[in-house]
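All of the numbers you see were taken from the coordinates with simple rules; none came from a lab. This is a predicted model, so every value here is computed, not measured. Glycine also receives a Cβ, built like all others from the backbone with ideal geometry; neighbour counts cover every protein chain displayed.
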Amino acid sequence: MSVNQLSEDAFYNLIDDLNSKGTTVVAPVRNEVGMVQYEKVTSSKDNFAFDEVIGRYSPKDAFFPQHETVLRYREGENGVEVKAEEPEINDTVLLGIRPCDAAAMISLNKVFTWDYIDNLFTERRKKAVIISIACNEADESCYCTSVGFAPDGKEGSDLLFSKIKGGGYLAEALTDEGETFIANNSTCFSKKDKSVELEPIAEVTDLGVNIEHIKRWLDKKENFEHKVWDDLAAKCVGCGGCTFVCPTCHCFDLVDEPYGDQGKRVKNWDGCQFDHFTLHASGHNPREHQPQRWRNRFHCKFKIYPDRFEKKGCVGCGRCIRVCPVNLDITEAMIEITAMES
Ligand code: SF4
Ligand code: SF4
């Protein structure tokens, strides 16, 4: 695969060029309250935040929106007519997401193509090019290296950009789609200069955890009701913030919204930390208490994802730690379980 480079100016020209061709560009932007989010950008003059460690929310909603209509229905003379929603899906470039978020897209893709192909997710992914920028800075919540990823990791990206000392980026194509992207935007790229020097890659704290050991521990039936869940999750208020910001959390709810003889079915993000997430119509709730919900989230990341998809459910982005209003830290559970016998 080819390695090219682009200057700082060419990087911003690329955003304008893509927009002028009608491509949707999603990039990290600082909003009016100072929060960095991944948003559709329309010009190189937008309030970009490519140097921010990571956005508050993950970029997953580019493929899996927080809310969308999936079908519409109408009661007619011959029964109920159902029409799947077919939104226009534009060519999209996710520009400047972090390598951990790109890796998370592979895990999400596994879920949405598992026992049912989610056309809306898969079509959006097919029409997108993912360009990550390697991290030159990490904060105290980042722990990608402890779960097998890296600040300059290549998993899930079509292109990896790395900052060049003095300005601009090295552009490494990682897939055929990445290679085609460079060919289609060749005016912004030039051949790699031999003397090019990269900015140092971020140093990420090593938690000293053992993911395989954690998995073995979770596999043991007797640990399902272990008191560690009560101890760790006692202060969780069930706000669901951790699930909404997580790039691999994928739960959603389907709700019918009727009006008269017609209506629509909508798909909304849901979260396993909400008390009503597993509430049955009978009133029974198999995860009645917050520690059970917290255990489920931990199992999902470190046991269910690896068992079902041979992928990790956690990429170490640290968002759940940053967002938690009661400072609950998933790495405390990882460290504590690593110290226990499996
Ligand atoms: S569990 Fe936390 S650290 Fe892991 S991917 Fe989700 S938000 Fe990031
Ligand atoms: S963000 Fe914190 S308090 Fe909210 S559900 Fe997650 S762990 Fe619980």
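Each residue, Cys251 and Thr122, gets one label point 7 Å from its Cα in the Cβ direction; the gap between the two is 2.5 nm.
Using 0.36 nm per residue of separation minus the Cα-Cα distance, give me the extension gain between Arg216 and Glu203 in nm, one decimal. Working shown, then result.
Details: separation 13, 0.36 × 13 = 4.68 nm, distance 2.85 nm.
Net length gain for the segment: 1.8 nm.
Here the dipole of the chain is about 400 debye; that uses its Cα centre as origin and unit charges on the Cβ of Lys and Arg (positive) and Asp and Glu (negative). Per-residue 3J(HN,Hα) values for the range 280-290, derived from phi via the Karplus relation 6.51 cos²θ - 1.76 cosθ + 1.60 with θ = phi - 60°, read 7, 4, 5, x, 6, 10, x, 10, 6, 10, 4 Hz in sequence order (x marks Gly and Pro). Couplings 3J(HN,Hα) for the range 15-26, derived from phi with the Karplus relation 6.51 cos²θ - 1.76 cosθ + 1.60 (θ = phi - 60°), are 4, 5, 4, 4, 4, 5, 8, x, 7, 7, 10, 10 Hz, where x marks Gly and Pro. Residue-wise HN-Hα couplings along the range 51-61, as the Karplus relation 6.51 cos²θ - 1.76 cosθ + 1.60 with θ = phi - 60° gives them from phi, are 8, 4, 3, 6, x, 4, 8, 7, x, 4, 6 Hz; Gly and Pro carry x. Name the residues whose placed amide hydrogens come within less than 5 Å of the amide hydrogen of Val93, ignoring near sequence neighbours (fewer than 5 apart) on the same chain. Answer set, sorted by chain and number: Thr24, Val25, Val26, Val129.
Quick note on the range 42-137: its Rg to Rh ratio, both from C-alpha atoms and Rh being the Kirkwood radius, is 1.09.
Would you work out which of Val53, Phe112, Ala134 lies farthest towards the positive end of the dipole of the chain, given +1 charges on the beta-carbon of Lys and Arg and -1 on that of Asp and Glu, about the Cα centre? Selected residue: Phe112. Stretching the chain fully between Asn223 and Glu137 yields a gain of 27.3 nm (0.36 nm per residue, less the alpha carbon separation).
Test of the criteria: in the range 140-173, which GluC sites (Glu not before Pro) are in a DSSP loop and have at most 16 other Cβ atoms within 10 angstrom of their Cβ?
Values: sites: Glu140, Glu155, Glu172; in loops: Glu140, Glu155.
For GluC sites (Glu not before Pro) across the range 140-173 that sit outside H, G, I, E and B with at most 16 neighbouring Cβ atoms in 10 Å, the list reads Glu140.
By how many nm would the segment from Asp91 to Ser20 grow when fully extended, if each residue of separation counts as 0.36 nm and the alpha-carbon distance is taken off? Additional length available on full extension: 24.3 nm. Distances between placed amide hydrogens fall under 5 Å for Glu39 paired with Ala27, Val29, all partners being 5 or more residues away or on another chain. Looking at the range 3-338 alone, DSSP beta bridges between its own residues are antiparallel in about 80 percent of cases.
The simple Förster model, with R0 at 35 Å and r as the Cβ-Cβ distance, assigns Asp307 and Cys239 a FRET efficiency of 0.80. Considering only Pro99, Ala339, Ile15, the residue lying farthest towards the positive end of the dipole of the chain is Ala339, judged by Cα position with unit charges set on Cβ. Close amide-amide hydrogen proximity is noted between Leu71 and Glu85, Arg265, each under 5 Å apart and 5 or more residues distant or on a separate chain (H modeled in the peptide plane; Pro and chain starts excluded). Basic side chains Lys and Arg get +1 at the Cβ, acidic Asp and Glu get -1 at the Cβ, and with that the dipole of the range 190-244 about its Cα centre reaches some 220 debye.
Considering only the other residues whose Cβ falls under 13 Å of the Cβ of Met35, what net charge follows from Lys and Arg at +1 and Asp and Glu at -1? Net charge around Met35: +1.
Summary value for the chain: 21 percent relative contact order, contacts being C-alpha pairs under 8 angstrom separated by 6+ residues.
Let me know the charge dipole size of the range 224-317 about its Cα centre in debye, to the nearest 20, where only the beta-carbon of Lys, Arg (+1) and Asp, Glu (-1) is charged. Walk me through the numbers before you get to the answer.
Values: 14 positive and 12 negative charges, 90 e Å.
With only Lys, Arg, Asp and Glu charged at Cβ, the dipole is about 440 debye.
Note on the chain: with a GNM built from Cα contacts shorter than 10 Å, the maximum mean-square fluctuation among Gly208, Gly79, Gly55 falls on Gly79. Net charge of the neighbourhood of Gly241, taken over other residues with C-beta under 11 Å away and scored Lys/Arg +1, Asp/Glu -1, is +3. Neighbours of Asp51, meaning other residues whose beta-carbon lies under 10 angstrom from its beta-carbon, give a summed charge of -1 when Lys and Arg score +1 and Asp and Glu score -1. Classify the range 3-338 as rounded, prolate or oblate, taking a ≥ b ≥ c as the square roots of the eigenvalues of its Cα gyration tensor: rounded when a/c is under 1.5, otherwise prolate if a/b is larger than b/c and oblate if not. Oblate is the answer for the range 3-338, as a/c is 1.5 or above yet b/c matches or exceeds a/b.
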